[in-house]
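What follows is a single structure, written as structure tokens, with notes after it.
The values are calculated or read from the model by the stated rules, or taken from the named source; none is laboratory data. What you see is a predicted model, and the numbers here were worked out from it, not measured in a lab. Cβ: placed from backbone, ideal geometry, glycine included. Neighbour counts: every protein chain shown. We work out accessible area using only protein heavy atoms, side chains counted, and drop any ligands, DNA or RNA first. Shrake-Rupley method; radii C 1.70, N 1.55, O 1.52, S 1.80 Å.
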2 protein chains.
Amino acid sequence: MVKLNENYSKLPGSYLFAEVARRTAAFSAANPDADIIKLGIGDVTLPLPEACVAALKRAADEMADKATFMGYGPYEGYDFLREAIVANDYEPFGVKISPDELFVSDGAKSDCGNIGDIFSEDCTVAVCDPVYPVYIDANAMSGRAGDWDGEKWTNIVYMPCTPENGFFPALPERVPDLIYLCFPNNPTGMAATREQLQPWVDYANEHGSVILYDAAYRAYMTDPALPRSIYEIPGAEKCAIEFGSFSKTAGFTGTRCGWTVIPRALVRGGESLYDMWMRRQSTKFNGTAYVIQRAAEATYSPEGKAQIAKMIGYYMENARVIRSGLSAAGLEVYGGTDSPYIWFRAPHGAGSWEFFDRLLSEAGVVTTPGEGFGPSGEGFIRVTAFGDAGRTREAVERIKGIL
Amino acid sequence: MVKLNENYSKLPGSYLFAEVARRTAAFSAANPDADIIKLGIGDVTLPLPEACVAALKRAADEMADKATFMGYGPYEGYDFLREAIVANDYEPFGVKISPDELFVSDGAKSDCGNIGDIFSEDCTVAVCDPVYPVYIDANAMSGRAGDWDGEKWTNIVYMPCTPENGFFPALPERVPDLIYLCFPNNPTGMAATREQLQPWVDYANEHGSVILYDAAYRAYMTDPALPRSIYEIPGAEKCAIEFGSFSKTAGFTGTRCGWTVIPRALVRGGESLYDMWMRRQSTKFNGTAYVIQRAAEATYSPEGKAQIAKMIGYYMENARVIRSGLSAAGLEVYGGTDSPYIWFRAPHGAGSWEFFDRLLSEAGVVTTPGEGFGPSGEGFIRVTAFGDAGRTREAVERIKGIL
């Protein structure tokens with residue numbers, strides 16, 4: 001009899017967004033005329049930039065001609081895209097990453113999950129609390145999380161991020177092998193400064209840990225003093241893997257393209273982590289579609305950059321509307337200045353799910369309960385800036401109306 | 001100090017196709033005027049079918065409009081594509097698979113590699129010998145292969161496929177938990193009959209094993225009596241996972257789309273393997289690009305089907321030319337009638353790499369040495385039918401000239 005991966009049976013049943021969808025559907029069924037505004041799931045709503053659409057169609061035409069047809073591509077992605085990413089997302093910030101240290105993929109989520117393949121199952125994992133659930137679930141599936149006690153995993157090092165510490169984790173007492181950091185953060189919407197990140201890089205180098213840095217929301221940073229990449233922090237090239245994504249930057253959530261940087265200097269026990277990931281990708285992955293890589297490349301064209309700046313401006317105006325509206329209404333609001341996420345405390349000590357239900361039933365607004373991101377998210381609500389501008393303004397007015 | 005996955009260090013260094021590329025590059029460097037014909041790697045050369053290109057461009061236009069823009073899609077793929085696959089690749093063959101038993105992915109290679117995630121690392125794996133290297137390497141990375149002894153992995157059950165058994169494996173004495181089968185086969189080019197497959201399905205059901213059936217080359221079967229899917233074999237829905245691909249069927253090697261079928265009836269120890277794979281995919285994958293799924297759907301349109309039939313006819317004429325030419329020259333030739341691969345024995349007892357080098361240096365033809373696919377491939381050569389028709393004819397003439 002085949003033996004299954006027993007770690008799967010330890011996973012708690014209900015996934016956060018599935019439960020949000022279930023409660024929303026139940027409310028809709030009971031109130032068929034209700035006009036619901038969804039600010040819950042972090043999906044974008046504006047169309048793909050015209051430059052990307054044009055590039056996609058040009059690449060499709062190339063595929064139609066035997067002379068320009070593209071078959072299997074490089075496992076690590078085409079040079080044209082790797083070079084464009086480095087030239088635009090690293091060099092301008094003084095980061096010396098080579099295109100040969102970068103892998104193109106079908107999205108940061110795949111890489112954040114699969115990167116565990118190259119590490120031992122005995123590694124200790126640290127995550128911020130609250131946290132994007134994928135980091136934990138992927139490690140739980142590999143047996144690194146221990147057991148689920150109903151609120152936490154027994155072997156995960158949870159690092160609380162609360163108003164008290166500015167939503168930035170303290171260095172843990174128990175030294176983790178793998179440290180997931182995500183800034184600007186999902187769900188809290190807070191960005192990290194150089195001064196905050198430097199001790200983490202030093203700590204990882206001192207202990208031989210590896211930082212897994214999710215920079216998927218970097219395009220939303222407005223403060224020029226904030227580091228766009230972990231590699232802006234001296235020493236990070238010896239201890240950090242960074243994930244990037246076109247999903248939120250350029251509306252690629254349904255088009256699927258991201259990247260992972262593994263510096264050549266990142267070596268543990270004499271092994272190059274770049275070489276290990278190359279082996280993993282060449283065995284279990286066959287590259288990202290050529291036409292998609294051409295669409296991603298177009299995000300760096302002059303037209304693409306202008307269209308993306310406009311798109312991000314649109315979402316950040318939503319963020320401003322949410323942030324200022326809820327603040328003016330007396331709520332305790334975080335994020336939303338360097339991030340598309342706004343994180344606020346439910347009023348009058350209400351619980352996350354309790355206030356989620358009120359927002360749904362009384363205001364017709366779908367949000368995400370902070371508790372779903374971890375124990376330290378209890379009492380908070382996440383709202384995203386990715387909605388329609390008019391609907392977002394209306395949602396804010398409705399929320400104010402029930403406070 | 002972070003601990004790495006130690007299984008990676010057990011992997012033998014040189015990957016087959018990398019070594020083929022190295023020797024080819026070395027020959028080219030030494031003979032810059034040599035006119036080399038490549039029949040080695042199994043990549044296609046004809047352009048994407050026009051119907052797929054048109055669908056890709058239509059979908060790109062949808063992405064350009066806020067009203068039709070597509071963000072995150074279902075982890076398991078869009079219903080339009082799942083329904084099209086079932087309606088065209090299963091129902092006509094009498095297979096009762098529901099669209100709700102099928103996952104769309106970025107390619108069969110990803111799924112063949114990642115499927116191991118849902119099984120225990122203690123599972124015993126059986127593979128045909130010779131075999132597509134990904135099955136073994138992916139399991140070696142998870143610790144299921146044991147140690148590499150220079151020729152074989154100590155814990156892998158190798159099932160020799162040779163002229164003596166018609167290139168179809170005998171049921172092994174040691175019962176494996178996971179059984180990889182690929183028909184039409186890569187590299188031998190041989191298809192399997194219902195009568196050959198039925199005992200394997202019965203065996204897997206008797207022992208609780210799971211068959212991982214790679215049907216990536218199904219479109220090349222010409223004999224109508226041959227089963228296109230493992231699910232044509234009674235009982236397979238209780239023991240088999242099947243991988244399908246648009247790569248070779250429709251020239252999608254660089255466009256990336258495939259699928260995996262996990263029947264709801266496939267349950268082990270009370271656990272649904274469909275549910276486990278859904279959990280895996282929803283955690284470590286974010287779906288295949290919408291525009292790519294629309295391109296794949298177009299393979300099933302009347303125009304798409306006609307274009308694909310013409311494309312496969314072109315490649316199969318290459319296969320006929322290779323097969324008949326080499327046979328007429330006195331070589332012992334297999335495959336090529338229901339598969340795009342031709343497998344032949346090197347003449348005069350030559351070794352695989354020895355004859356590979358002769359074909360390269362004397363005929364200027366790049367092939368793949370059979371030894372690279374496993375010990376039972378020693379003495380054989382694989383040639384693919386995916387080249388240009390004129391160049392393929394010339395390659396055959398050149399090979400005949402050096403025999």
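Annotation for B:GLU271, label-to-label distances across the other copies: 2.4 nm (shortest first, one decimal, point 7 Å from Cα along Cα→Cβ). Compared with the rule-of-thumb size 2.2 N^0.38 Å for a compact globular protein, the range B:32-99 has a Cα radius of gyration ratio of 1.72.
State which helices in chain B qualify, where a helix is a whole DSSP H run, it must extend 18 Å or more along its own axis by its Cα atoms, and its mean Kyte-Doolittle hydropathy must be at least -1.0.
B:16-30, B:50-63, B:302-328, B:389-402
In terms of the mean number of neighbouring beta-carbon atoms within 10 Å, the peptides A:336-342, A:163-169 order highest first as A:336-342, A:163-169.
With a 1.4 Å probe and every protein chain left in place, work out the accessible area per residue of the protein assembly as shown in Å², rounded to a whole number. Intermediate results must be reported in sequence, preceding the final value.
Values: 27340 Å² over 806 residues.
Value for the protein assembly as shown: 34 Å² per residue.
For peptide A:174-187, what's the mean number of Cβ atoms from other chains within 10 Å of each residue's Cβ? The partial results should precede the final answer.
Values: counts 0, 1, 1, 4, 2, 1, 0, 0, 0, 0, 0, 0, 0, 0.
Mean shielding count: 1.
Set the Förster radius R0 to 45 Å, insert the Cβ-Cβ distance between B:GLU332 and A:ASP357 as r into 1/(1 + (r/R0)^6), and round the FRET efficiency to 0.05. Show your work: numbers first, answer last.
Numbers: r = 73 Å, r/R0 = 1.62.
For R0 = 45 Å, the calculated efficiency reads 0.05.
Scaling the Cα radius of gyration of chain B by the globular reference 2.2 N^0.38 Å produces a ratio of 0.99. Counting Cβ atoms of other protein chains within 10 Å of each residue's Cβ and taking the mean over peptide A:291-304 gives 2.
So, by mean Cβ neighbours within 10 angstrom, what's the order for A:132-142, B:36-46 with the highest one leading? Please report the intermediate quantities before stating the final value.
Numbers: A:132-142: 22.5, B:36-46: 20.4.
Highest to lowest by the protection proxy: A:132-142, B:36-46.
On a per residue basis, the convex hull of the C-alpha atoms belonging to the protein assembly as shown measures out at 158 Å³. Classify the range B:95-142 as rounded, prolate or oblate from the Cα gyration tensor: take a ≥ b ≥ c as the square roots of its eigenvalues, call it rounded if a/c is under 1.5, otherwise prolate when a/b beats b/c and oblate if not. Prolate is the answer for the range B:95-142, as a/c is 1.5 or above and a/b outweighs b/c.
Take the Cβ-Cβ distance between A:THR162 and B:PHE80 as r, set R0 to 45 Å, and report the resulting FRET efficiency rounded to the nearest 0.05.
On the way: r = 45 Å, r/R0 = 1.00.
Given R0 = 45 Å and the Cβ-Cβ separation, E is 0.50.
Here B:ARG320 yields copy-to-copy label distances, from shortest upward, of 6.9 nm, the label point defined as 7 Å from Cα along Cα to C-beta. Among B:MET159, B:MET311, B:MET63, whose mean-square fluctuation peaks in a Gaussian network model of chain B (Cα, cutoff 10 Å)? Checking each option, the largest mean-square fluctuation is seen for B:MET63.
The B-A contact accounts for roughly 6700 square angstrom of buried accessible surface, both chains included, probe 1.4 angstrom.
Given Cβ point charges of +1 (Lys, Arg) and -1 (Asp, Glu) and nothing else, what value in debye, to the nearest 20, does the dipole of chain A about its Cα centre take? Mind showing how you got there, number by number?
Details: 37 positive and 52 negative charges, 131 e Å.
Approximately 640 debye in magnitude.
So what's Rg/Rh here for the range B:60-192, counting alpha carbon atoms and using the Kirkwood radius for Rh? Intermediate results must be reported in sequence, preceding the final value.
On the way: Rg = 19.1 Å, Rh = 17.6 Å.
That ratio is 1.08, to two decimals.
Between B:LYS3 and A:ASP388, the simple spin-label model (points 7 angstrom out along Cα→Cβ) gives 5.4 nm.
Rolling a 1.4 angstrom probe over the protein assembly as shown with all protein chains present gives an accessible area of which 51% lies on carbon and sulfur atoms. Label-point spacing for A:PRO199 across the identical copies (point 7 Å from Cα in the Cβ direction), in nm and ascending order: 6.8. With N counted as the residues of the range B:250-403, its alpha-carbon radius of gyration over 2.2 N^0.38 Å works out to 1.38.
Across peptide A:3-12, the mean count of Cβ atoms from other chains lying within 10 Å of each residue's own Cβ comes to 6.
The simple spin-label model puts a point 7 Å past each Cα toward its Cβ; for A:LYS305 and B:ALA30 those points are separated by 4.9 nm. Take the Cα pairs of the range A:268-346, get the Kirkwood Rh, then feed it into Stokes-Einstein at 20 °C and 1.002 mPa s and tell me D in µm²/s. It comes out at roughly 129 µm²/s.
With both residues required to sit in chain B, DSSP beta bridges show an antiparallel share near 55%.
How high is the relative contact order of chain A, in percent, counting Cα pairs under 8 Å that sit 6 or more residues apart?
Details: 782 pairs, mean separation 94.3, N = 403.
Relative contact order for chain A comes out at 23 percent.
Once you've got the Cα coordinates, tell me which of A:LYS152/B:LYS66; A:LYS238/A:LYS284; B:LYS10/B:LYS248; A:LYS248/A:LYS284; A:LYS109/B:LYS96 are over 29 Å apart.
Values: A:LYS152/B:LYS66 40 Å; A:LYS238/A:LYS284 26 Å; B:LYS10/B:LYS248 32 Å; A:LYS248/A:LYS284 26 Å; A:LYS109/B:LYS96 33 Å.
The pairs that break the limit, which is 29 Å between Cα atoms, are A:LYS152/B:LYS66; B:LYS10/B:LYS248; A:LYS109/B:LYS96.
Which order do peptides A:253-260, B:238-245, A:344-351 fall in by mean Cβ count within 10 Å, highest first? Please report the intermediate quantities before stating the final value.
Details: A:253-260: 26.4, B:238-245: 24.9, A:344-351: 16.2.
So the peptides A:253-260, B:238-245, A:344-351, ranked by packing, come out A:253-260, B:238-245, A:344-351.
Identify the residues of the range B:23-58 with backbone N under 19 Å of a label point that sits 7 angstrom from the Cα of A:ASP65 along the Cα-to-Cβ direction, or state none. Of the residues in the range B:23-58, B:45-58 have backbone N under 19 Å from the label point off A:ASP65.
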